[in-house]
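Novice: Have a look at this one.
The values are calculated or read from the model by the stated rules, or taken from the named source; none is laboratory data. Because the structure is a prediction, the values reported are computed rather than measured. Positions of Cβ are backbone-derived with ideal geometry, glycine not excepted, and every protein chain shown enters the neighbour counts. Protein only, heavy atoms only, side chains kept; ligands, DNA and RNA dropped before computing areas. Shrake-Rupley method; radii C 1.70, N 1.55, O 1.52, S 1.80 Å.
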Amino acid sequence: MVRWHNLPIISWEKNCACRTNGVYEYSLYHAPNGTFFTEEILENSSVSYEYFKMDIPEENTVVLNMMGEFNNFLLNKFEKSKQEQSERMQLGERLSDKSRIARLESELEGLKRSSKRARVETEKEQSKESEEKKQLEKQVEDLRSKIALLVKRDEKISEELSLAKSSKDTLRKQYDDQIRDLKDKKLKVETALQDLQLSTRSHISKLKNEISRKDSEQSMLKTTLEQTKTQLHQQMRKAVEAGANRRTLEEYKAELYQIKQTNKELLLQIEENKDAVSLAKAVGNDVTRLPQLEEENKRLTKENEYLRATNENNYLLKEKVVGLEAKLSRTENRLTEMARLQVLNEELEEKNARSEAMISKLTKDGSNHDSNLDELKKKIKDLEEKNQEQNEIIQMYKDQKNMKGDFDPTKTKVLSFAFNPAAELKKKKEEEERKLQEEVEMLRERVRILEEMGNDANTQEIKVQLERRNSKEVDDLKKELQASELRTQRLKEVFKRKIHDLREACYRLTGYLINNPSDNQYNLISMYAEQQSDMLLFRSTPEGEMQLLENDFSSSLPDFIEAYLKQQDSIPAFLSSITLDLFSKQTTMIMGESQM
Amino acid sequence: MAATSSANTITLKGSAEIVAEFFYYGINSILYQRGIYPPEHFTMTKKYGLSILVTTDESLKSYFGSVVKQLEEWLTQKIVQKVVVVVSSADNKEEVLERWQFDVETDQNVTVDSKPKEKSKSDIHKGIVSVIKQITATVTFLPLLEVPCTFNLLIYTDKDLETPSSWEESKPFLIGNSEEVKLRSFSTSIHKVEAMVSYKVQDDD
């Protein structure tokens, strides 16, 4: 069951939860229509309490009604505790109401007091406001008067403005005029400027022309200078000539003086002659001398004429001298200038001379070599061509050599990784070869052992033998073998000698020479045998017995064989009897011979 | 960005790496084409857009590992003049039958720190492909190698290089009576590689 509580508790969320016996839980929710509802939640219940949270109460009710039975059961079970709780709640509510009334009364009192205070304050404010109003009215009055003043001032200002406008118009007119004037002026100035520019341009061109003229003049002057220089040279030459002339002139003067002197003398002589002539005439004695004198006279007059001519010549020369002197002074002036130039010239000449000397030397050398030079040049050309060809060939060879892998050992070295396939292969092959060699050696040894051991050989023993016969042992054995061979050799020699001695001794002692032509056969020749073929042949049987073999000689001895071999079975007796027989035969023969 | 810039420029280190790699594939091609090792010792691999056969022999692989690494270092030091593959008979005569020579020219102005040069990788690869294709084509004119052969790699370096411990100075293994054929070349703009082959002329008797 749900009951609606109209408690003045305001909250958006579940803000009050009253627990009873820890089983029920009452929750207050604020519904959208502004009311509150309580929900009951049963702990450990499978009923979802979300139903109670539904916003619309009607729906809630429907749900809740559906659960009526269940709730009734709950109510019955907890009725008592609920009644107690409601009583307690009522008591609490009453107490809280009382306290709230008291609180409200005190608040009312406070409010009354505050309203009284408010009233007094409003009255005060009213009086203040009325005063302020009066003051504002006054201010309004002041402002009005100020406005009137301002209106007046405005009027005045507008008048001034109109005045100013008129003055401005006039001023504008003036300025316009001025601007026009200035423009005119500017135009004038520009034209003037253009004129000026034109004039300056022409002036510049003129100046340029002048400069070019000056340049040409300068060049002309230079040429004239050159000319004058050449003239100067000429003049110098002339000056030198003039100097010479002067000297001759002096000579001439001296001559002239002499001539004058002689002339005077001659004149005096003439006078004298004249006197003499007059005297002669007077005397008339010396008529013979007259033609002589006349001749002399003629000569003298001639001389006189010549002198006169020379005199005239002299005058001419004098004039010339004056001219030359003037020239000379000019020349001298030039000479001083020249001296300076000459110093310079000398220096230059010196240099020139030196270089000329060098040039001459060089040209001399050059001319000597010129003929050779051409030849050499030709040769050089030929050689160069050949060189080129050779170079090309060399380059070709170089390229080829490079391609073959040749290199310059001063700049390059060839490296290869130590463990390269070729080296590895070589090493492997060498190793294999060594192994094969060893194996061959071993097999050879094996064969030798097999041969030595014959049928008894078996692998185990061969191995043992092989192991035994390591190289050192073999060497030792070889040495030993050699020693033993030597020893054998010695022994053989000794034996030979001994055998020889023994046979000799046997022969001497028994009278038989025993030969052993083959194994088991013995030939016996008696010391007293009548002939070399008389020999006895014996053969030893494997049992160690000796058997007499039949031959021509033995068959001639049937008695001895019968007596000693067959009956007595004694070879020594047989042999001895033969010895005795042969011996007796020989001695009787010797005796018979000696008897005869 | 870095990828595109590095695709069109090249440094000394990058160039040395490319050239050393070329030698690895180029020499493998020679070994296969000339039958120095049996074909079953090779496996197909894709490189430069070609199918190139490279060795599967472990000892040879480790040999290439050491040599190519050293070669790359020397290429960076700019001291390699030539790289030569010497093909000689595997019998006791050890006769030199072919010499594959690669002249290496290095731009000595370039250093490890200098600005990368303009050259696209695809251009370099084009050059390398033409050289390797020509190596394959040489089979048509080179005399048949009738005896089992082995090879060695020679590197011509500057004289003043100190020889590393696992390397030794070698004779140049020249061929007395040889003919030479110039092959194509390629350049990374830092290293230029000129290929050529010289081979023993067959006696007429």
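Novice: Run the count for region A:83-148, please: Lys pairs, Cα-Cα under 21 angstrom, 8 or more apart or on different chains.
Specialist: 9
Novice: Something else now. Between the DSSP loop rule and a limit of at most 12 other Cβ atoms within 10 Å, which chymotrypsin sites (Phe, Trp or Tyr not before Pro) in region B:87-195 are left?
Specialist: Those that pass, being in a loop and sparsely packed, are B:Phe141.
Novice: Same structure again: What do you get for trypsin sites (Lys or Arg not before Pro) in region B:99-205 restricted to DSSP loop and a cutoff of at most 14 other Cβ within 10 Å of the site's Cβ?
Specialist: B:Lys159
Novice: Report, to the nearest 10°, how far helix B:121-137 tilts away from the longest principal axis of the Cα atoms in chain B, using its own Cα long axis and a range of 0 to 90°.
Specialist: Roughly 10 degrees between the two axes.
Novice: Hey, if we sort A:Met535, A:Met546 by accessible area with the 1.4 Å probe, largest down, what's the order?
Specialist: Final ranking, largest accessible area leading: A:Met546, A:Met535.
Novice: Once you place label points 7 Å from the Cα toward the Cβ at A:Asp559 and A:Lys377, how far apart are they in nm?
Specialist: For A:Asp559 paired with A:Lys377, the spin-label model returns 14.7 nm.
Novice: Could you name the lysines in cross-link range of A:Lys377, using Cα to Cα under 16 Å and dropping any fewer than eight places away on the same chain?
Specialist: By straight Cα distance, A:Lys377 reaches A:Lys386.
Novice: Still on this structure: What does the average come to when, for each residue of peptide B:157-164, you count the partner chain Cβ atoms lying within 10 Å of its Cβ? The partial results should precede the final answer.
Specialist: Details: counts 4, 3, 7, 2, 3, 0, 2, 3.
Counting other chains' Cβ atoms within 10 Å and averaging over B:157-164 gives 3.
Novice: Taking the Cα atoms only, what angle lies between the long axis of helix B:58-76 and the longest principal axis of chain B, rounded to 10 degrees?
Specialist: Between the helix axis and the principal axis of chain B, the angle is about 50 degrees.
Novice: Given a cut-off of 26 Å, name the pairs among A:Lys264/A:Lys298; A:Lys401/B:Lys69; A:Lys398/B:Lys115 whose C-alpha atoms lie farther apart than that in the structure shown.
Specialist: Where the Cα-Cα span goes over 26 Å, the pairs concerned are A:Lys401/B:Lys69; A:Lys398/B:Lys115.
Novice: Give the aspartates and glutamates reachable from A:Lys411 as a straight Cα distance under 16 Å; neighbours fewer than 8 places away on the same chain don't count.
Specialist: Within the straight-line cut-off, A:Lys411 pairs with B:Asp103, B:Glu105, B:Asp158, B:Asp160, B:Glu162, B:Glu169.
Novice: Report the relative contact order of region B:70-127, percent, no decimals, based on alpha-carbon pairs under 8 angstrom and at least 6 residues apart.
Specialist: Over region B:70-127, the number comes to 28 percent.
Novice: Please name which of A:Leu383, A:Pro409, A:Gln437 has its Cα lying farthest along the dipole of region A:383-443 towards the positive end, using unit charges on Cβ (Lys, Arg +1; Asp, Glu -1) and the Cα centre as origin.
Specialist: A:Pro409
Novice: With label points built 7 Å along Cα→Cβ from the Cα atoms of A:Glu155 and A:Arg330, find their separation and express it in nm.
Specialist: Placing both labels 7 Å beyond Cα along the Cβ direction yields 11.2 nm.
Novice: Could you work out the local net charge near A:Leu502, counting Lys and Arg as +1, Asp and Glu as -1, over the other residues with Cβ closer than 14 Å to its Cβ?
Specialist: Numbers: positive: A:Lys496, A:Arg497, A:Lys498, A:Arg503, A:Arg508; negative: A:Asp501, A:Glu504.
Overall, the nearby charge balance is +3.
Novice: With r as the distance between the Cβ atoms of A:Gln194 and A:Leu163 and R0 = 45 Å, compute the FRET efficiency 1/(1 + (r/R0)^6) and round to 0.05. Walk me through the numbers before you get to the answer.
Specialist: Numbers: r = 46 Å, r/R0 = 1.03.
The calculated FRET efficiency here is 0.45.
Novice: To continue, here is another question. Put a dot 7 Å past each Cα toward the Cβ at B:Ser122 and A:Met442; how far apart are the dots in nm?
Specialist: 6.6
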